[in-house]
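Comments concern the structure below.
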Amino acid sequence: MSEGNWGHLDKNQIQRLEEMLIVVDENDQVIGAETKMNCHLNKNIEKDLYLVTQNLKIATKKSSEERNDTSLKSGRTYNIPHLYSPTSIKMKGTVFSPAFFGFKTFHRLLHRGFSVVLFSTENKLLLQKRADTKYTFPGSFSDSCSSHPLYNPLEMEERDAIGVKRAAQRRLHAELGIPLEQLSLDDITFVSRMHYKLQSDEIWGEHEIGYLLFVRKDVTLMPDAAEVKDCIYVTKEELEDLLKQEAKNKVKFSGWFHIIAKFFLFEVWDNLNDLNKFLKPDKIYRI
């Protein structure tokens, strides 16, 4: 891995960048898979990509003397190399439309993720302060747990967002040490989805359709220091004070937490006994 800024990442974070995430279109339809690293590099998020729907080997000529054979694998995404035009591919001197080969064009590599907002039974919000070794928004306060479902059958099951809930249960255990037996899938409420794009720094960013998940339960916390720098429960007033401190550069929050706070959190906080009116599983908020 030569790309990216790796200086602050530990071995565990670098290994996890090889995990395969779920690539989706803007309607959250699964169209392929890509590594976590490629999904979070700004240069990939900003470029037009192609999804390949069949295995191909394309023969092209960079010059009259030099020939390239490019192998493309079905189900993966590719930046179109500079030797192809954006709307066509030259193969043995003949120009073909990408659709001829089974390509689908889409813009800005987009993946599926989730954010968990966990409240205690006293209606206090669990904030996680992300470890300094995270590749996006290191050292920032954020929601209770945010991560990604992986490209596998269990975490891709879409009925009642059960796959995303499984991923959330997995990461709540991995990051915060919440015992699996304390938090069932039925304890996790799928509220809605958010489509957003953020830059963490000049290298890393997010382009995600994030599933917003709410939990209200008392749980045991045993956070992993490699993932979590700190975690605290706050009242609504205490969170408002922390957000004011950020304006004075005393603390930092992740970009997606600002979205959650602005569009969802405070209104839902006042209605934790009746979440039904906020449940919009078929809606994708475009932020």
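Coordinate-derived values only; no laboratory data. These numbers come from a predicted model, not from an experiment. Cβ sites come from the backbone with ideal geometry, for glycine too, and all protein chains shown count toward neighbours.
Some points to look at:
- In this simple spin-label model, placing a label point 7 Å from the Cα along the Cα-to-Cβ direction at both Asp282 and Leu243 gives a separation of 3.1 nm.
- ³J(HN,Hα) computed for each position of region 18-31 - Karplus, 6.51 cos²θ - 1.76 cosθ + 1.60, integer Hz, glycine/proline x: 8, 4, 8, 9, 8, 8, 10, 8, 5, 9, 6, 8, 5, 10
- Near Met156, once Lys and Arg are set to +1 and Asp and Glu to -1 for all other residues with Cβ below 10 Å from its Cβ, the sum equals -1.
- Computed lengthening from Arg108 to Thr220, 0.36 nm per intervening residue step minus Cα-Cα distance: 36.4 nm
- Shape box of region 111-286 [Cα atoms, principal axes, largest first, Å]: 43, 38, 34
- Under the convention that each Lys and Arg Cβ holds +1 and each Asp and Glu Cβ holds -1, the size of the dipole of region 111-286 around its Cα centre is about 380 debye.
- The label point for Ser74 and the one for Phe266, both projected 7 Å from the Cα toward the Cβ, are 5.2 nm apart.
- Förster radius 25 Å - calculated FRET efficiency between Gln15 and Lys47, Cβ distance, rounded to 0.05: 0.45
- Amide proton proximity set for Asp230, modelled H, under 5 Å, gap of 5+: Lys129
- Amide proton proximity set for Lys124, modelled H, under 5 Å, gap of 5+: none
- Positive-end ranking of Leu243, Tyr135, Ser200 along the dipole of region 111-286, with charges on Cβ about the Cα centre, is headed by Ser200.
- Phi-derived couplings, Karplus 6.51 cos²θ - 1.76 cosθ + 1.60 at θ = phi - 60°, listed residue by residue for region 260-270: 4, 5, 6, 9, 9, 4, 5, 5, 5, 3, 7 Hz, with x used for Gly and Pro.
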